[in-house]
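Any read-out appearing in this document is the output of simple, stated calculations on the displayed coordinates, not a laboratory observation. Quantities reported herein were computed from a predicted structural model and do not represent experimental measurements. Here the Cβ positions follow ideal geometry from the backbone for every residue, glycine too, while neighbour counts run over all protein chains shown.
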Amino acid sequence: MTALSNDAARAKPLPGSRPPTREAPGQPTPPASASLTMWLLVVLVVVLFSGGLFGYDQGVISGALSGIKSTFALSPLIVEVVTSWVTLGALLGALAGGELADRIGRKRTVLIAGALFTLGAAVQAFAPETLVLVAGRLIIGAGVGVAAVAAPLYAAELSPASWRGRFVSAYQLAITIGIFLAYLVDGWLSADANWRLMLGAAAIPGVLLFVVALVAPESPRWLMKMHRRDDAAVEMKKIAPAGDDIDTDLNQIADALSKEPAGGAWSEVFRSEWRRPLMVGLGLAIFQQVTGINAIIYYADQIFGAAGFDTEASRTTVTTWAIGGVNVLSTLIAIAFIDHLGRRKLLLAGLIGMAVSLIVVGGAFQFIATPDATAASVAKSSAGPSTAGLVTLVGLVAFIISFAFSLGPVVWTVINEIFPGRIRGRAVAVCTAVNWASAFLVSQFFLSLVGAIGSSVTFWLFAAFSVIGWVWVYIYVPETKGLTLEQIQGIWKGLSK
Ligand code: BGC
């Protein structure tokens, strides 16, 4: 979208542009800023609805479970299936999403996600029996997985380079808003255990996503990959900054595509040429999860219970606002700074905040009961949170803030900008699937880990992963702020020389 060649060595600086921080060898100078046009707003709406549905469908089940259990008298095994098959569906959906995004296009893949969200919500809301409910969970999961690949990819490919960080972070903002809304809706509807409405409500934004995606532009980068230059020019005109030379833009994309090896098969994702970006993408996907975010998102209620928040109302309030609300607000910090400060600074600062706050929470848990003991401690206690409990609250809020301005949005931004166009969809899918698999493992084993090694050591383990993550980011993750997707490919070429 800018007048720079993808070839790092030949790149010319634009007037008024600033050099990126910690440049990789031969890294070019970032392009000028663009303005937000009507079409870019449409792209943004697609991204916001996709992220919002991802967050809502991920967060809503915790409050719906007790109502579902009383309607269907579920066995513990089926309760687990109802909870976790969304993750299974998301894993499969992410892999299918990558294939679809590369084959039928980014836009049509988002349309499929919208259809899956709507269908899954309706199937769950009207489920006459457990099997149908489980099918609904799987369909919703597939929607989450497809959207998790297609929406940030769509955002990364359709936003101008100088806005890309903010666009992909808007996707993360929408995830956090979705989780927050799910906590709120759970709170409102929990009195009469209206789980059908909790799960079915997602059908409305699902339909809206479908409708907006219908009119939204297709990615010119994908159209160029499919040798549809005329169509690419039409779409590029909609989203390019005013006065941009569309032909030059398309030539750069064609140039970048021509330098990539032919093919696009799954095996190509693992070629030695792309080992470096793949390592960066997978590393970020894994560190985002093994530092504990979803253990805290899913089990906040139990953690706060153990920390002495002894009424259900106090736990719901503190979880909704201290975790859900703070998560939304702090993501705004990333949106404000990601394209100015860059990805690396946010990641490095956030990981320090996460490590320190996890060490503090681990320390506080030396003085309080484990989450396992929640029920017992809640039943016995009526004194409210102790000092250690309040320290836990402050520590967790600090953790959420640190995650929300760093690993939350930056990981998705970087994963969606580092791969060459030909394999981007599939490579993003592999990273997203690994992210889901890591999320599944952490949330599945958190309570067992607490039982085996205790709460303090569990939080310290997450802190240790944050420290390792910091060192790893410092060494391996390059700054990609302000570069076009084609220029970023030049970074890897520079590094392999
Ligand atoms: C992560 C999710 C997490 C969410 C919390 C996302 O970036 O991928 O696993 O639940 O952030 O805000």
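Observations on the structure shown:
- Taken along the Cα-to-beta-carbon direction at a fixed 7 Å, the label points for Y474 and T248 span 4.0 nm.
- Estimated inter-spin distance, K237 and M38, nm [label 7 Å along Cα→Cβ]: 1.4 nm
- Reported value for the stretch 274-369: 106 Å³ per residue, from the convex hull of its C-alpha atoms.
- Angle in degrees between helix 387-404 and the longest Cα principal axis of the chain, rounded to the nearest 10: 20 degrees
- In the chain the Cα-Cα distances spread across 10 Å bins starting at 0 as 4, 20, 30, 25, 14, 6, 1, 0 percent of all pairs.
- Cβ crowding within 10 Å averaged over residues, with 135-143, 430-438, 309-317 ranked highest first: 135-143, 430-438, 309-317
- Residue-averaged [θ]222 nm for the chain, counting only DSSP H segments that reach four residues, each worth -39500 (n - 2.57): -24000 deg cm²/dmol
- Take the Cα of I453, step 7 Å toward its Cβ, do the same at E312, and the gap between the two points is 3.4 nm.
- Degrees separating the helix 203-215 axis from the principal Cα axis of the chain, which is the longest one: 0 degrees
- Filtered GluC sites (Glu not before Pro), the stretch 84-164: DSSP coil and at most 13 other beta carbons within 10 Å: E129
- Non-local lysine pairs in the chain, meaning eight or more places apart or on different chains, with alpha-carbon distances under 21 Å, amount to 15.
- For the stretch 134-243, the ratio of Cα radius of gyration to the globular rule of thumb 2.2 N^0.38 Å stands at 1.35.
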